[in-house]
Every structure is written in structure tokens, then in C-alpha cells.
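Trainee: Below are the C-alpha cells for one structure; questions will follow.
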Amino acid sequence: MRAAVILFPGSNREGDAARALRQATGRQPDIVWHADHDLPAGIDLVVLPGGFSYGDYLRCGAIAGRAPIMDAVRRHANRGGLVLGICNGFQILCESGVLPGVLMRNANMHFVCRMQHLRVERRATPFTSSYKPHQIIKVAIAHGEGNYEADDPTIEALEKDGRIAFRYCDSEGVAGGASNPNGSRNDIAGIYSERFNVLGLMPHPENLIDPLVGGTDGRGLFESIAGFATA
Amino acid sequence: MQTEPAITSELVAAHGLKPDEYERIVGLIGRAPTFTELGIFSAMWNEHCSYKSSRIHLRKLPTSAPWVIQGPGENAGVIDIGDGQVCIFKMESHNHPSFIEPYQGAATGVGGILRDVFTMGARPIACLNLLRFGSPTHSKTRHLVAGVVAGIGGYGNSFGVPTVGGSTGFHRAYDGNILVNAMAVGLARRDEIFYAKASGIGNPIVYLGSKTGRDGIHGATMASASFEADAEEKRPTVQVGDPFSEKLLLEACLELMKSGAVIAIQDMGAAGLTSSAVEMGAKGNLGIELDLDRIPCREIGMTAYEMMLSESQERMLMVLTPAKEKEAEAIFRKWGLDFAVIGKTTDTLRFVVRRHGEIMADLPIKELGDEAPLYDRPHLTTPKRPKIDPVATPAPVSNDEALLRLLGSPDICSKRWVWEQYDHLILGNTIIAPGGDAAVVRIEDGPKGLALTTDVNARYCAADPVEGGKQAVAEAWRNITAVGGRPLAVTDNLNFGNPERPESMGQFVGCLEGVGEACRALDFPIVSGNVSLYNETQGAGILPTPAIGGVGVVDDVKTACGAGFRMAGEAILLIGETEGWLGQSAWLALICGREEGAPPPVNLAVERRNGDFVRSLVVDRRASAVHDLSEGGLGVALAEMAIASGLGAEIAALPEGPAHAVLFGEDQARYLVTCAADSADAILKQAADAGVPARRLGMTGGDSLRLPGEQPILVSILRTAYETALPSYMAGGTPDGFANQ
């Protein structure tokens, strides 16, 4: 499995993503510069990592969404290639039109970093096949603008087509209320593209790959990708 | 071409220079200074940059050990942590700016300290802080807490370094002068450390990073004067932080350092270009010539004076190998940063500044730093306070009520509301997150890690500066020990009032004596730090607050020990002697409304003996949980261990003495340790053999904390008291413990 991690000015979790990929695939991902126009040949997965691309001084992800490399990322997605956008990467995917909707300021207006339970909403995708159906996983969140919003028809379509990847929930799997850290519509933590080859999510599974550091519930996502790409 | 204003006594005073200091300048250069030169002197000779009131006392601190590679005097301290790796760290204050503009003041405080660390070639791997706010009932406190916390998070989160620990407290003495001390910790290879010392004649001096604007002019001067009611009018001297540029600057600098182009590097912090250029030249015994026309400016028409004093952020100065200039420029252009050759090194030992072809300053470079005034200010020893007799100090409320109130009080309550706004998980190496004794951050893929903490109890320091200074160091040492770390070195941030007042100066001298004594006794040298004086508003000084940032090494992070009970049925042991010391305790202050008496004495030999014993238990994996006892004493520590796990405990027997003093006294050198029930006797025997006082208190388990003679309290109730206080206060409420501070 060959992965490329895109490096935008202001990305800061590229190393964390690379570490999780290395652990799951045994291979160091390529680091691709935002100003490049092409991805290296033979890439299976493109990762847009977390961070504050361009300082997030405009809307989060708005400038990165228009970086030269994004045309290549779009072509890769259109060919059915895998794209994973984590946190700022999710925001970039929404800003570049690869995924629908927007990520607004957290409802309480504070940045929030904590451990958070998620419910795996759909198992049969390239990103989640290693999880059990509706498994509850514990991962990290760290964002100030993770409040997912879209117009009603978009939300209805996402729900109807089973394109909600993860929902915020409590340790028992119950969504809603205080278990939603940011006010996100329908407790959405991550969504898929129509073909399920693009996943955008706010939480950081790449930080939950080690029993000494909070647990290993994030590994499943990277192992699923590795298994899919080599299958 | 603008002409510079004539030098008048008013102008000299406005630069914070005393008449005799001005005479010293005239004597040194043999003529009246130009306006630009006056600005340069004011920047170099203010308290913040020259340490003129503190230098003679700082010399008494221990700063060396076999593992210390660089002590105070560089951008940050450097210690050897083995395997060819070094830890580079420092703490610095941004108190005055944060009071005026809390978000940007705190943000640029973080930015400045990160720069100090990566200037030396280190990649930052953790940040900590120590914050002190005014009384919760003061009208500005909520606003300042919200702004400072958002600012620290806003900068560190974007830059991409985990903020893993800190200390947040409140006291009315900080009403008009809060404390924002930020600490950064970085990692480098032992053979890849970079210094500020310039070398070689005719080498290019290169300006890197963001453009220069008019922001922050005289920031260092502001930090060297006490606050008056016009503080708000000083807003324009607060700089604006840009963590995005800093992140680019970090990556560009580290890439450039790898290229071998860098001879010397110095960040532009307080007093900006002036201080950084003079320091590089003076350290290298070289002159420096600058052509200010080449400086990348953000605003038009900037004068030499403004450029020399600007404190615009995210800027660096380097001396480069001439042959690598082009390669260096390409790296900076790639990262979208400014790069300009603005001068050269010379053999004249003069600091020469040109603007529009005219010489605006021509000063002897060594004397700018070396000849700064040095004061031995009069200081008054703080009178000793009497010991509080616990028998003569009966408890006004029941012990269970006192415990709940202490858990919900501003200094002790959970600071989750604060640290959840900091990204403490980025980089994926946070082994022990905020909320424990010390944070533990793994180094790369391990097995080694760093144990990090910031500590001080200013109430102790005010009551007895020497004991308080000792206690601050001992507390940091103990926190590192509790997680299983070997304490190695300290960065200090000495926050005090006006040094021109003998009482304040006496607090400074006393605290330093205590800090020095403890650092010597514990082999815990000071390798970097910062002095912040003039923390007073309208004549009222802050509590003396020598913040201690401690760094230790955990040899294998798998053995690092947390503070929460691990499982039911384990034995709970108390290590250390309990006398029931109530003087200056949180209990006496909160429950009785009395900040009185002598603070607990610190016996450094006992501290070391008890700590070494506890550390050996952790390293040998015989302790399952460890928590040091500090504010709120045994009662609060037991409750915190229960809250952290959700598990209760049954305490069968307490040490002798009045129960309230035993539960809430703050005797030093104590720890709570849990272990497998069947290994408790062996541990107690071993403790007895080592001369370490230790006793069995009870057993973990159940859903409540059961203290002898008290009503059981559900852990969920303890947790509610502990966790809801600060969020409720920040939402505009007045929780019980926050009402009468």
C-alpha cells in the first residue's frame, strides 16, 4: 500500500498520520508538497493531515482547498482512489468541494481537546472494515471548528445513503447531548463521498495507535485501509 | 529625512532611564547619545534585558552538573539526557502584556519561548505554563482567564506542540497584575546545538521571518516598570502573534541548520533587533554593522529608532557561512518567509546602524551589555511568622464539608476547563496528560520520556521567602519523582514586585536563597530562566512567585505511574511524616479565611530520602499509583486519586493528631502510594530499613471515600465538586469556593 501525505504550510499532524500509516502498512508514506501539481505515481491513498493550513486565517481549509496539489487530489478521488482528510484535512475537503457541507466554530466557541467516543456507523467501507459493526471506539479530538453543518437536503441524502462514517456518542454508544463536543448536526463526526472512497473526519484516529498513549482504537482505520489497498 | 528629537531630561525619563544611568551612558561614549542610541540603551539597560537588580543575586544559584551542557545566558538551557540527545528548555513571563491584552499577550508569550528553544536547534515537543489570576470575585478575572487560556491554546495548537501541563491559581494580590509564565521544551541531537555567538569577520548577518512593524516598541521597557491605572493605554505596545509564521519559521530554521549554513542564530525577542544583534556580536567579540534600509518592513517610513526597538514577532537573526547564502535563501523562500542580508560582522567591536546612508548609532558593543548598571538594592528580611497550633485552631466545619469545599476551590479544583482548550495530544507521545503530578512525554518512539512540571506556592513564599523558595523546588522535584522520573534540571521564572521597595527586594533575595539551597541539595541545577520584577499596580505588589519549571527523565515510559487508583483491593500507603501543619495551608485560608502562620518547613534531606524511595517503587513497578501531597494535604490527595479512577477507598487509620490537621495539613515530603495488598508489608519493611516513615492507611475499592469517623462520600460527589467548579465559574456562576476569595 502506498500512501502520500500532503504537506500544506501550517500542517502539524502530518508526522502523526505518517506514524500511523507506517505502523499499519510497514511503509513510510511519501510527503507531498502543497505547491506540487502531481501526486507520485502508484499512490493508493492520499492523506490530508490535521493542522492549521495557512494559519486558518481565512475560513479553515479555504486557502489549502485551492492549493495546486488539490487538482491532483480531486483527480485521484475521481478515479476512485482513497482520500482521507483528518481534522483540517476534512475542512479542506469540504472547502475544495470534494465533500459536502462546512465545519463551523464549535458551539461553545472553545477549542476542545479530549478523548471522545465514536460509533462506527458503517462497516463495509475501505476505512472501517477492521471494526465490528457499530463498534464504539475511543479516539482523540482536537479542534476549534468541528461543528458540521449542511443544508437539509444534503443531510437527508447523507443519512439516506449511509454516508455518515462516525457519530459522536458516549461510552455506551448513545449519541446526542453532552457527548457531542461541538454542536455538529446529527452528531456527525465524519462523512463519506458518494463512492465511499473519500472519508473526512474531525477526530484523530492517528493519535490512538499505542496502548501507552490512550489506547489503540484508531488502528482499525489504518489497518482497514492497508487491507483494502492490498486486497 | 526626519530629524531626530533632541535629548532632554524628560525624554531620558520617558525611556525609563534614571539621571545617573544617563550620565553613565554619556561617560561611556564620551558624548550625548543620539535619539536612536538612547532607544538602544533604554532597550539594553532596562530591568528586563539587563537584570540590573537581580544579577548579583542570580550568581548565587547553582547552575552546573555533569549533565548540564548549557546553563543560563543562552536562549535556553541545555541538558544531556543520554543516547546523544539533549533537552533544551526555558520558561519566560509575559505578565504585563497579558494583563493589557490577554489573548495576544499570552499567545506571544508562548511564541517567544518556543522561539528561544528552536533557535538552539531543538524541535519543541511540549509546552507548559504557570498562570496566576486575581480574585475570582474581581470584575476582570473571568475575562483575563478566558483570554489567556484562549491565547495560549491559539498559539500552541496552531504551532503544533502539545501543551501538557501547568498550574493555574488565583489570589487577590494578582488583581492588577496577573502572571503568565510559559515554558517550552525541545529535543535536539547533542552535536547539533546552535548558539548566539557570532564568529568570523565580514560574515553576512541575515534577517529571517516576518516583516518588521511598529508593534511592541518599548515592550521590554514596559515590562520593567510598575503598572499604573493607565495600563490600558499601553495596548499598542502589545505585539500580535502569528503562530502560522512561527511554524514556518521553525521548519525553515531546522532545515537551514541541517544544511550547515548557520554560524550563529538569535531570535528577536524582547528589545528586538537591538538585543539580538548586540548579543551576537558581544558574545563573539565582534562588531556588527547593520544597514536598516534592507530590513523587510510591514509599514512605510519607519525610522531607525522604530526599527531598532520594534518587537514584531516571528523574526530571527543569523550569521551565515557566506558560501551557503544562496542555499539558505532558497530554503526560506520555499517556506514563504522573508530573507534579507542586513549587515555584516566586523573587527571593530562597534555596533553601527545606518539608515538612508547616515550613521544613526555607533556604540561600543561589549559595553552595551557588560556596562549595564548593576544594583545591590536594599532589601529587608521578611519577618518570621509563628507556627499555627492545630489544637488551638479548631475546625469550623466538618471534615467532609471542608473536603468538598477544598475540592471546589479555585486553586485546587480541576483545571480541565483550561487544559481541554490546549491540544495536549498532538505528536502522539503524551503518556501522562495534564491533571496529574507531572506530565510525561515520550521521546520519539521511546522507551525514554521526559517528566515535566511547573510549581510554586506563593502563599508560602510570602510568609517565608526562604522556606517558600525551597518548597517550590521540592514540589517540582516531588512531582517528577511521583511519576517515576529522575529530576535533572530547572528553569525558573522569578515573578516579584518592585525591586526598589526593600520589602519586595527582601522577598526576592529570600526566595532565591531558598531556591538555591533546594537546587543544591537535590542536585537539580537551574539552567535557564527569566526575572520579572515590577509586578505591582498602584503600589501593591504581587505575592512573591518564583515559578519553578522542572524537567526529569523517565528511563522507560512503560513504568511511568499515574495518580489515579488502579484497581480495587490494593493497599494505600502514606510515605512521609504527618504532623498536621496548618500554617499557610489551603484549609486555613479557605475554611477559616486566615492566611496566617509559618508555612511548612522543608527538610531537604528528608525530601530526598523519601523521594528516592518512592521513585524506586515506581521504577521497579511495585507501586500501581503515586500522588504527591501538596495543597489540601492528605484529604485532597486521597480524593484526587479516587476521582481520577472512579474507585473509592476505605481508610482504616489516620496518623495521630487532630483529624482536621492530619487530613488537611500540608507537611512536606509526602506521597500516597498504592500497591498490591500482599506486597504492602514488604514495602513497609523496606521503608523502615531505609529510614523512610511509611504507614498503611487502608484499601482501595467501593464507590465512596470512607474516612475514619466521617460520613462516607460518594466518589461521584467528590468528582462533581472537583470538576464543576471552574466551568460553572467561567459560565458566570459563583460556586461556593469561588465566592470569598
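The values are calculated or read from the model by the stated rules, or taken from the named source; none is laboratory data. What you are looking at is a predicted structure, and each value in this text was computed from that prediction instead of being measured. A quick note on method: Cβ atoms are made from the backbone with ideal geometry, for glycine too, and the neighbour counts reach across all protein chains shown. Please note that ligands, DNA and RNA were not included when accessible areas were found on the heavy atoms of the full protein model with its side chains. Shrake-Rupley method; radii C 1.70, N 1.55, O 1.52, S 1.80 Å.
Trainee: Just to be sure I understand, how many residues within the range A:73-118 are buried (at least 21 other Cβ atoms within 10 Å of the Cβ), in contact with a His (Cβ under 9 Å, 6 or more places away or on another chain), within 14 Å of another protein chain (Cβ to nearest Cβ) and part of a strand (DSSP E or B)?
Mentor: So the count comes out to 2.
Trainee: Take the range B:1-20 and flag every residue that is out of contact with any Ser or Thr (no Cβ under 9 Å at 6 or more places or on another chain) and either in a loop (DSSP other than H, G, I, E, B) or buried (at least 18 other Cβ atoms within 10 Å of the Cβ) (or both).
Mentor: B:M1, B:T3, B:P5, B:A6, B:T8, B:K18, listed by residue number.
Trainee: Do you know which of the residues in the range B:376-388 that are out of contact with any Gly (no Cβ under 9 Å at 6 or more places or on another chain) and surrounded by fewer than 16 Cβ atoms within 10 Å (Cβ to Cβ) is nearest to B:E23 (Cα to Cα)?
Mentor: Out of the qualifying residues, it is B:D376.
Trainee: So which residues in the range B:41-67 are among the polar types (S, T, N, Q) and either within 24 Å of B:P525 (Cβ to Cβ) or assigned to a loop (DSSP other than H, G, I, E, B) (or both)?
Mentor: Within the range B:41-67, B:N46, B:S50, B:S53, B:S54, B:T63, B:S64 meet the criteria.
Trainee: Identify, from the list B:M302, B:M318, the residue that is open to solvent by less than 10 Å² (accessible area, probe 1.4 Å) and part of a loop (DSSP other than H, G, I, E, B).
Mentor: None of the others qualify; the one that does is B:M302.
Trainee: Return yes when B:A540 is open to solvent by 10 Å² or more (accessible area, probe 1.4 Å), in contact with a strand residue (DSSP E or B) (Cβ under 6 Å, 6 or more places away or on another chain) and farther than 24 Å from B:G632 by Cα and no when it is not.
Mentor: No, not satisfied.
Trainee: Among strands (runs of 3 or more DSSP E) lying entirely in the range B:638-705, which contain 1 or more residues that are over 35 Å from the mean Cα position of the chain (by Cα) and charged (D, E, K, R)?
Mentor: Answer list for the range B:638-705: B:649-651, B:694-700.
Trainee: Does the range B:411-446 hold any residues that are in a strand (DSSP E or B), more than 8 Å from chain A (Cβ to nearest Cβ) and open to solvent by less than 20 Å² (accessible area, probe 1.4 Å), and which are they?
Mentor: B:A439, B:V440, B:V441
Trainee: Restricting to the range A:199-215, what's the tally of residues that are open to solvent by 10 Å² or more (accessible area, probe 1.4 Å), in a strand (DSSP E or B) and at negative phi?
Mentor: Adding up the residues that qualify gives 1.
Trainee: Please enumerate the residues belonging to the range A:27-52 that are part of a loop (DSSP other than H, G, I, E, B) and open to solvent by 50 Å² or more (accessible area, probe 1.4 Å).
Mentor: Correct list: A:R27, A:Q28, A:D36, A:H37, A:D38, A:A41, A:G42, A:D44.
Trainee: Sticking with this one: Which of the strands (runs of 3 or more DSSP E) contained wholly in the range B:95-201 include at least 2 residues that are under 18 Å from the mean Cα position of the chain (by Cα) and within 14 Å of another protein chain (Cβ to nearest Cβ)?
Mentor: So the answer is B:123-133, B:163-170.
Conditions tested, residue by residue: (1) touching a Ser or Thr at 6+ places or on another chain (Cβ under 6 Å); (2) open to solvent by less than 40 Å² (accessible area, probe 1.4 Å).
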position: B:I29; (1), (2): no, yes
position: B:S64; (1), (2): no, no
position: B:P72; (1), (2): yes, no
position: B:I79; (1), (2): no, yes
position: B:G82; (1), (2): no, yes
position: B:D116; (1), (2): no, yes
position: B:T119; (1), (2): no, yes
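Trainee: Another question, then. Somewhere in the range B:389-396, is a residue more than 14 Å from chain A (Cβ to nearest Cβ) and within 25 Å of the chain's Cα centre (by Cα)?
Mentor: Checking the range B:389-396: not a single residue is more than 14 Å from chain A (Cβ to nearest Cβ) and within 25 Å of the chain's Cα centre (by Cα).
Trainee: While we're on this one: Could you please let me know if A:E156 is among the charged types (D, E, K, R) and either open to solvent by less than 10 Å² (accessible area, probe 1.4 Å) or without any contact (Cβ under 8 Å) to a residue 12 or more places away in the chain (or both)?
Mentor: Answer is yes for this residue.
Trainee: So, one more: Does the range A:42-50 include one or more residues that are of a type outside the set (G, A, S), touching a Gly at 6+ places or on another chain (Cβ under 6 Å) and within 14 Å of chain B (Cβ to nearest Cβ)?
Mentor: yes
Trainee: Please work out which one of (1) open to solvent by 50 Å² or more (accessible area, probe 1.4 Å); (2) in contact with a His (Cβ under 9 Å, 6 or more places away or on another chain) is the condition A:G218 fails and give its number.
Mentor: Tallying (1) open to solvent by 50 Å² or more (accessible area, probe 1.4 Å); (2) in contact with a His (Cβ under 9 Å, 6 or more places away or on another chain), A:G218 fails exactly one: (1).
Trainee: Out of all the residues in the range B:476-506, which are open to solvent by 20 Å² or more (accessible area, probe 1.4 Å) and either under 16 Å from B:R459 (Cα atoms) or touching a Pro at 6+ places or on another chain (Cβ under 7 Å) (or both)?
Mentor: Hits for the range B:476-506 are B:P502, B:E503.
Trainee: Now, a different point. How about the range A:175-198: which of its residues are surrounded by 14 or more Cβ atoms within 10 Å (Cβ to Cβ) and not polar (S, T, N, Q)?
Mentor: Result: A:A175, A:P181, A:G183, A:R185, A:D187, A:I188, A:A189, A:G190, A:I191, A:Y192, A:F196, A:V198.
Trainee: In the range A:119-152, what residues are touching a residue at least 40 places away in the same chain (Cβ under 8 Å), more than 14 Å from chain B (Cβ to nearest Cβ) and assigned to a strand (DSSP E or B)?
Mentor: Scanning the range A:119-152 gives A:R119, A:V120, A:I137, A:N147, A:Y148, A:E149.
Trainee: When the range B:335-360 is examined, which residues are found to be outside any strand (DSSP E or B) and within 20 Å of B:D267 (Cα to Cα)?
Mentor: Passing the criteria: B:W335, B:G336, B:L337.
Trainee: Would you check if B:G576 is surrounded by 24 or more Cβ atoms within 10 Å (Cβ to Cβ) and of a type in the set (G, A, S)?
Mentor: yes
Trainee: Oh, and also: Residue by residue through the range B:84-94, note down the ones that are outside any strand (DSSP E or B) and buried (at least 24 other Cβ atoms within 10 Å of the Cβ).
Mentor: Correct list: B:H94 only.
Trainee: Among the residues of the range B:25-40, are any touching a His at 6+ places or on another chain (Cβ under 9 Å) and not in a loop (DSSP other than H, G, I, E, B)?
Mentor: The answer is yes, given that some residue of the range B:25-40 is touching a His at 6+ places or on another chain (Cβ under 9 Å) and not in a loop (DSSP other than H, G, I, E, B).
Trainee: Just checking, does the range B:363-377 include any residue being assigned to a strand (DSSP E or B), modelled with pLDDT of 95 or more and either in contact with a strand residue (DSSP E or B) (Cβ under 8 Å, 6 or more places away or on another chain) or not basic (K, R) (or both)?
Mentor: yes
Trainee: Right, here's the next one. On the given criteria, is B:E325 part of a helix (DSSP H, G or I) and surrounded by fewer than 24 Cβ atoms within 10 Å (Cβ to Cβ)?
Mentor: Yes: the conditions hold for B:E325.
Trainee: Kindly check whether there is at least one residue in the range B:26-43 that is among the basic types (K, R) and over 19 Å from B:M183 (Cβ atoms).
Mentor: Scanning the range B:26-43 turns up at least one residue that is among the basic types (K, R) and over 19 Å from B:M183 (Cβ atoms).
Trainee: Tell me, which residue of the range A:4-26 that is open to solvent by less than 10 Å² (accessible area, probe 1.4 Å) and in a strand (DSSP E or B) is nearest to the other protein chains (Cβ to nearest Cβ)?
Mentor: A:S11
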